1. Taking the Cα centre of region 12-136 as origin and charging only Cβ (+1 Lys, Arg; -1 Asp, Glu), how large is the dipole, in debye to the nearest 20?
2. Just want the answer: with Cβ charges of +1 for Lys and Arg and -1 for Asp and Glu, which residue in G200, A57, S43 is farthest toward the dipole's positive end in the chain?
3. Under the Kirkwood approximation applied to all pairs of distinct alpha-carbon atoms, what is the hydrodynamic radius of region 91-134 in Å?
4. In nm, to one decimal, how far is the R53 label point from the A26 one, both placed 7 Å along Cα→Cβ?
5. Find how much the distance from L215 to V122 grows on full extension, using 0.36 nm per residue of separation minus their present alpha carbon separation; answer in nm with one decimal.
6. How long is region 3-255 along each principal axis, judged by its Cα atoms, biggest number first, in Å?
7. Can you pull the one-decimal nm distance between simple spin-label points at E257 and R245, each 7 Å off the Cα toward Cβ?
8. List the relative contact order of region 87-173 as a percent without decimals, with contacts defined as Cα pairs under 8 Å and 6+ residues apart.
Amino acid sequence: MAEVVIVGSEAEAGEIVADSIQELVAQHPDAVLGLATGSTPLSVYRALAERVRSGRADLSAVRGFALDEYVGIAPGSPQSYRTVIETEVVGPLGLDPARVQVPNGTLETIRAAGADYERAIVAAGGIDVQILGIGTDGHIGFNEPGSSFASLTRVKTLTEQTRRDNARFFDSPDDVPVHCITQGLGTILRARHLVLLAFGAGKADAIAAAIEGPLSASNPASAIQLHPHATVVLDEAAAAALSDRDYYRYAWANKPEWQGL
Ligand code: F6R
């Protein structure tokens, strides 16, 4: 099962995950990170950016693959995940823009974009650490309920719920694209380490279903139960609906020093 870590704040979660990434990059300067967008991973990016600023970490050789992108959105528009990755990740973390890829949501080339992205990930030797957030409907990446556990990068139709959740980034809810291109659950499961973060009461039910519920395509995040090395970092509110909270805390408190995240 996944290792569940319950922390006091988003900032604490960011530091724990940044520690692990910093350690990985110290050993493998060109490590490959899977990069989620949205609000959830910001504490990790902030913690890493601070380490880069203070000279404690150098991420300039790190390679990155974003999880997803909207289809048909202008690449330079503020809502495109390419822009978000550039402003929130590439710049602050001192990554080399040429080493960071985002699925190509351009309409003209969309038919080949999924297979192209899969080839690029394989050519990079696979993803070392995949950072994930979770949607209120249980999606990871933009794998909405019903997504196959074997799915690869492809175009998906966003649910109305996801479009409503993401409307805060757009001028009007109608502007949220209907389609996206996302790494599949199969793509995500190939990453060597999954780190799923969630904060706030709004994520509590989705997290409980993902970690303690049955494996089901209806609950895409439950796919992480199939992964041999998955870490779930939660604040108290997001952990509130888990039945085995006491055990997770006990296991974390007794975690062997040598083990790392
Ligand atoms: C983002 C992504 C999504 C988000 C999820 C949660 O690249 O793939 O799965 O992680 O929608 O979004 P936030 O973090 O904004 O609550």
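The values are calculated or read from the model by the stated rules, or taken from the named source; none is laboratory data. Remember, it's a predicted structure, so these values are computed and weren't measured experimentally. Note that we place each Cβ from the backbone using ideal geometry, even for glycine, and neighbour counts take in every protein chain shown. Side chains included, ligands, DNA and RNA excluded: accessible areas come from the protein's heavy atoms. Shrake-Rupley method; radii C 1.70, N 1.55, O 1.52, S 1.80 Å.
1. 160 debye
2. The residue sitting most towards the positive pole is A57.
3. Evaluated on region 91-134, it is 12.4 Å.
4. Result: 2.2 nm between the two label points.
5. 30.8 nm
6. Computed over the Cα atoms, the extents are 53, 42, 34 Å.
7. It works out to 3.1 nm between the two label points.
8. Computed over region 87-173, the figure is 19 percent.
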